[in-house]
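Everything below concerns the one structure shown next.
The values are calculated or read from the model by the stated rules, or taken from the named source; none is laboratory data. This one's a predicted model, so the numbers in the text were calculated from it and none came from an experiment. Here Cβ is always computed from backbone atoms with ideal geometry, including for glycine, and neighbour counts include all displayed protein chains.
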Amino acid sequence: MFIIKCPYCGERDHTEFSYGGEAHIVRPKQPTELSDDQWAEYLFMRKNIKGLQYERWNHSHGCRQWFNVARDTSNDKIHLIYKMGENPPK
Amino acid sequence: MSSKFRLQSGGEINRSEAISFKFNGKTFFGYKGDTLASALLANGIHLVGRSFKYHRPRGFLGSGSEEPNAIVQVYKDEAKKEPNVRATEIEIFEGLEAKSQNCWPSVNFDFGEINNLFSPIIPAGFYYKTFMWPAKFWKKYEYFIRKSAGLGISATQRDPDLYDHKYYHCEVLIVGSGPAGLAAALIAAKTEKKVLLVDEKPEIGGSLIGSNDNVIRINNDTPKDWIKKTYLELLKNKNVQILNRTSVASYHNYNYLIMVQNLTDHLNENDKKNKIRQRLWKVRAKKVILATGSIERTMIFDCNDRPGIMLSSAVRKYLNHYAVKCGNNAIIFANNDDAYETALSLHSKGVKIKAIIDIREESNGDLVKKCTDLGLKIMWKHSVVSTGGHKKIDKVFVMKLSADNNSVVGDKIKINCDLLCVSGGYTPAVHLFTQSGGKLSFDEKKFYFYPVKTTLNQISIGSCSGIFNLKKIIQDSNLKVNDFLKTEIKNEIIVSDYNSGNFKNIWLLPSDKVTGKTKSFVDFQNDSTANDIKLALREGFKSIEHVKRYTTTGMATDQGKISNMHALGIISEITKTKMGELGTTTFRPPYTPLTFGALVGRNVKQFFDITRETPMHSWHKKKGAKFEDVGQWKRAWYYPVNNENMHDAVQRESKAARNNAGILDASTLGKIDIQGRDANEFLNRIYTNAWSKLDIGKCRYGLMLNEDGMVYDDGVTTRLGENHYIMTTTTGGAATVMNKLEDYLQTEWPELKVFLTSVTDHFATVSVCGPNSKKILEKIVKNINFEDQKFPHMSFKDGIIDNIKCRVMRISFTGELSYEINIQANYGKAVWEKCMDAGKEFKITPYGTEAMHLLRAEKGFVIVGQETDGTITPVDLQMDWIVSKKKYDFIGKRSLYRSDTMKDGRKQMVGLLTTDPNEILEEGAQIVAEVKKKPPMNMLGHVTSSYYSPNLKKSIALALVKNGKNLKGKKLYVPMQNKIIEVIVSDSVFLDKEGNKLNA
């Protein structure tokens, strides 16, 4: 039931967006050189934090752009929204 | 038309407008402004229902949405009858018909009352314990239990009423129009902000409605005059909107609230016509001011549930607001000073106050003094220990409390009466606050939970924040609201003040009877008693959440508005746990029940879901096609001719497509236009096979995997130009494939210059197949040379039909010679009809999705989602040929080399032939190697597709079978309920293995 400020369109109801899981998981450049364990780490392992989480959202019923959101999963408070390719705040 | 218990004058009812209504078949009269409750009370009716479990007679307890007892069936007709409506909230109108629930044959003589005699043997958990064995008898028990459970009867026909939804944005939302809410509204009105004030009641004023004029003065006016003046004052402000009869159902994060506005329930039948019954408001508020008030508590003593035992504040409201006496001989039972306002009101209207029983030792409050001055008899440190009277209270038994309040001592005094007004103090209505995620704290001295912490832009003011004194409420609201709105508006409201004595709380009052012999009700609606709670604790339930579910306390339609605090208090006392540590159960939305109609709004019938139709839909419909839902699409399933059944139609269509010509509407396939410098490289990365060498004008089938190596989607992609492709996806996968591709482009490979456009709806696709298809196309698309050398399989040409450009692909999902015409959607139907005309001489036959599935199964072509289920790799499908070994990387490649995806014994796709060629397998049936007498058997897999092939004249099936690759020629079994079917594992391509038909 929250409001997300799309970096391209502005504030919209969250029903316009779809969730894309944890952010900043980079697809390995050379998957064939990874061990099964390393590949599984990329493929399956997610943090599932209670608290501040960096995650991906897509304005799927709007501009279709992906972006990053820093959200507190315990109260859905959104602390920061930043574009793809930008680094998470330290 | 005067009613026995109606006062000669006074009240806010309109005496010039008499209204007749029916209750339990009998006609009564009331006045405009009455609720069903007040009108019945005016007629001396207290008995309105029977309790849920013991069928004890029950009457009105409260006067608003907190009412647990007086829930009735409002009867109009089969479509509009409504169960479980609170009589205290029904505004009467001419023609209203209501009746009691949970009683048979009538509320006065109820057969189920026999349960009351057996009540010692049906305590909490009775049903759980008794009907558990023998297990097979449950089905018999269930019928009777279900019949005896539940209260009202729901409608059996479609609701004919109109319901609306409305989205609304405001800067300040004020919930509740009591003294705090009105004070807040007066301040907010003076700002430029857009303000919405809502209240669930028909009139504004909250707790001031029905207060005693002689006790309270606001700005030297009576409360009702002040309310009227305030209302007019607020209406002058264009930025303020006031909604009454509007209940906030739920309060979500980011100040998103759902409210239900009742628009016509109070009108007579004629005025209801063609009007919207209820409107669901979806409100986003910048700031929310909760002024939701408080709910008076009852007290817990033996037989505290008889008709005529009512909340003190309710009695006061019936008297002062509706001019109704709830009795002639009243007893007040209190633990606080507020009840004395009721005593004074009753006394002034001629009701005899037989006694005021107060569990406190004394009170120095002003109202108490007034009562003493009037000579009213006050029994300090006494408690009601029991009551008498069958369908209406006729006496109470009173005893003195011991010094430690743990027992009662002395003589048992009997006092006759016809009304007992109970006041156990007030509980802040924090429901909405907690729904919004706010945290509560328990005040161990004042015995209530109050709001302490919220992360939202929100405040709680008035009695819902734990302030009960009117003067303090006004002062505190003014301060808090000014602070909240960052204003400094002087909002002078002068309230006559009086001193109040302290409040004293005993959760479960002591009794002279032994435990187990008392019936002290905690939850009136679900009939759970203090003894039930004690029993639950004895049986080892510790968590409040468990006790609640075991005893069902607080789980009725009132959601424990009256009962929750006492249940908690009793648990706290017995377990010697502090209330604050015990916590409270979760208050869940909705605050008061709401109708399905309001939730659904206009989204009914054709508006329930979006349906998508192809440009040729009307043609299919005219030809009598049966349709199948594929996602939101309506696809032609088969076209029965001369009353054919589905099987015959599909067999005929399938034969025609192989022997002459078939035509299929393939417009629903997803189409994505791909352009850009790196389009080729992009396709290389997302498909399993190589794309770099695809020439312009050629088509290629591709398989798309998830990163975990599992098949995700498939389809044919055509290279239209140097950097221009058109991709097709499965009908159901169009949107998700588009999203997935965008995801990779934007987040993993932003360096690739590729642009995707969904063009599914822009093109209509007509697929013509069969040996005659070429001849038909030649008649229609004159600019294309259809010779095999010029236009081979898996290639594309730009065509022109009647000056309209189109794309013609020679691709095949049936294994036949086959062409697809893609044309701008508006021309779809025209081209389809043109094909039909041109194909007439070649016996062209339209075929639906079912025949298409059959035809592709004959060829062993997979359908993603039918042969695959998200756990199947291309290798499992025995489609190793489509997985490039040379490509360095593509989505899902690495996962194909995981130990799990490479292990032996995975399920693989195979063909199955039944030993009896006429036996058709059931899709989804399990496959075993060894049949045992009964399950469990070792299951090897299941049938994914199964048909009778008219072209091969035998039954064929596709299946996923463990280690299937190595089982060719082996005999397996498909055990069904009444037979065992023998099958032989075969190749999955059943027809034309060499592919000769593609060039027929």
task = Can you give me the ranges of the strands (runs of 3 or more DSSP E) entirely in segment B:739-853 with at least 1 residues that are more than 14 Å from chain A (Cβ to nearest Cβ) and either aromatic (Phe, Trp, Tyr) or without any contact (Cβ under 8 Å) to a residue 60 or more places away in the chain (or both)?
result = B:763-769, B:795-801, B:804-810, B:818-824
ask   = If you go through segment B:12-22 one residue at a time, do you hit one that is touching a residue at least 60 places away in the same chain (Cβ under 8 Å), surrounded by fewer than 21 Cβ atoms within 10 Å (Cβ to Cβ) and out of contact with any strand residue (DSSP E or B) (no Cβ under 7 Å at 6 or more places or on another chain)?
value = yes
inquiry  = Going by what's in this entry, would residue B:661 be described as over 41 Å from the mean Cα position of the chain (by Cα), over 18 Å from residue B:732 (Cα atoms) and not assigned by TED's automatic domain parsing to the domain that holds residue B:729?
reply    = yes
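Conditions (1) closer than 30 Å to residue B:492 by Cβ; (2) in contact with a strand residue (DSSP E or B) (Cβ under 8 Å, 6 or more places away or on another chain); (3) within 14 Å of another protein chain (Cβ to nearest Cβ), marked per residue:
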residue	(1), (2), (3)
B:395	no, yes, no
B:401	no, yes, no
B:405	no, no, no
B:417	no, yes, no
B:429	yes, yes, no
B:437	no, no, yes
B:452	yes, yes, no
B:467	yes, no, no
B:480	yes, yes, no
request  = Check B:226, B:281 and return the single one that is buried (at least 17 other Cβ atoms within 10 Å of the Cβ), under 32 Å from the mean Cα position of the chain (by Cα) and over 17 Å from residue B:65 (Cα atoms).
outcome  = B:281
ask   = Considering segment B:850-874 alone, what residues qualify as being of a type in the set (Val, Ile, Thr) and surrounded by fewer than 21 Cβ atoms within 10 Å (Cβ to Cβ)?
value = B:863, B:871
key: Positions within segment B:69-96 being of a type in the set (Gly, Ala, Ser) and buried (at least 16 other Cβ atoms within 10 Å of the Cβ), in sequence order   = B:70, B:87
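Check whether at least one residue in segment B:856-875 is under 18 Å from residue B:712 (Cβ atoms), aliphatic (A, V, I, L, M), within 14 Å of another protein chain (Cβ to nearest Cβ) and in contact with a helix residue (DSSP H, G or I) (Cβ under 8 Å, 6 or more places away or on another chain), and report yes or no.
no
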query = Among the residues of segment B:97-104, is there at least one that is modelled with pLDDT under 90 and either surrounded by fewer than 16 Cβ atoms within 10 Å (Cβ to Cβ) or over 30 Å from residue B:324 (Cβ atoms) (or both)?
reply = yes
note = Residue hits (segment B:342-364; in a loop (DSSP other than H, G, I, E, B) and over 48 Å from the mean Cα position of the chain (by Cα)) are B:350, B:361, B:362, B:363, B:364
message = Within segment B:209-218, does at least one residue satisfy the condition of being touching a residue at least 40 places away in the same chain (Cβ under 8 Å), in a helix (DSSP H, G or I) and away from chain A (no Cβ under 14 Å)?
response = no
message = without any contact (Cβ under 8 Å) to a residue 40 or more places away in the chain, of a type outside the set (A, V, I, L, M), surrounded by fewer than 17 Cβ atoms within 10 Å (Cβ to Cβ) and in a loop (DSSP other than H, G, I, E, B): is that true of residue B:472 in this structure?
response = no
key: Hits in segment B:913-931 - residues which are over 45 Å from the mean Cα position of the chain (by Cα) and more than 30 Å from residue B:659 (Cα to Cα)   = B:929, B:930, B:931
inquiry  = I'd like to verify a number: residues in segment B:440-472 that are among the β-branched types (Val, Ile, Thr) and at positive phi, how many?
reply    = 0
inquiry  = Looking only at segment B:689-714, how many residues end up being within 14 Å of chain A (Cβ to nearest Cβ) and in a loop (DSSP other than H, G, I, E, B)?
reply    = 5
message = Based on this model, can you work out whether residue B:711 counts as under 45 Å from the mean Cα position of the chain (by Cα), of a type in the set (Val, Ile, Thr) and not assigned by TED's automatic domain parsing to the domain that holds residue B:771?
response = no
ask   = Out of (1) under 29 Å from residue A:1 (Cβ atoms); (2) more than 14 Å from chain A (Cβ to nearest Cβ); (3) free of Cβ contacts under 8 Å to residues at least 60 places away in the same chain, the odd one out for residue B:256 is which?
value = (2)
task = Considering every residue within segment B:489-496, establish whether at least one is in a strand (DSSP E or B) and either out of contact with any Ser or Thr (no Cβ under 8 Å at 6 or more places or on another chain) or crowded, with 20+ Cβ neighbours inside 10 Å (or both).
result = yes
request  = State whether one or more residues within segment B:715-722 are in contact (Cβ under 8 Å) with a residue 24 or more places away in the chain and assigned to a loop (DSSP other than H, G, I, E, B).
outcome  = yes
remark   = Of B:652, B:719, B:635, B:658, the only residue that is under 27 Å from residue B:893 (Cβ atoms) and modelled with pLDDT of 95 or more is B:719
message = Here's a check for you: in segment B:444-462, which residue that is closer than 20 Å to residue B:580 by Cβ and either of a type in the set (S, T, N, Q) or out of contact with any Leu (no Cβ under 7 Å at 6 or more places or on another chain) (or both) is surrounded by the most Cβ atoms within 10 Å (Cβ to Cβ)?
response = B:460
request  = Identify all residues within segment A:55-75 that are among the small types (Gly, Ala, Ser) and in contact with a Lys or Arg (Cβ under 9 Å, 6 or more places away or on another chain); write none if there are none.
outcome  = A:62, A:74
query = Residues in segment B:302-314: is at least one touching a His at 6+ places or on another chain (Cβ under 8 Å) and small (Gly, Ala, Ser)?
reply = yes
ask   = So which of B:988, B:955, B:949 ends up being touching a helix residue (DSSP H, G or I) at 6+ places or on another chain (Cβ under 7 Å), among the hydroxyl-bearing types (Ser, Thr, Tyr) and surrounded by 13 or more Cβ atoms within 10 Å (Cβ to Cβ)?
value = B:949
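Pull up segment B:883-907, narrow it to residues that are among the basic types (Lys, Arg) and either surrounded by fewer than 15 Cβ atoms within 10 Å (Cβ to Cβ) or within 12 Å of chain A (Cβ to nearest Cβ) (or both), then point me to the one that is farthest from residue B:704 (Cα to Cα).
Only one residue tops the list, namely B:903.
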ask   = Any idea which of (1) farther than 24 Å from residue B:65 by Cβ; (2) within 32 Å of the chain's Cα centre (by Cα) is the one residue B:235 doesn't satisfy?
value = (2)
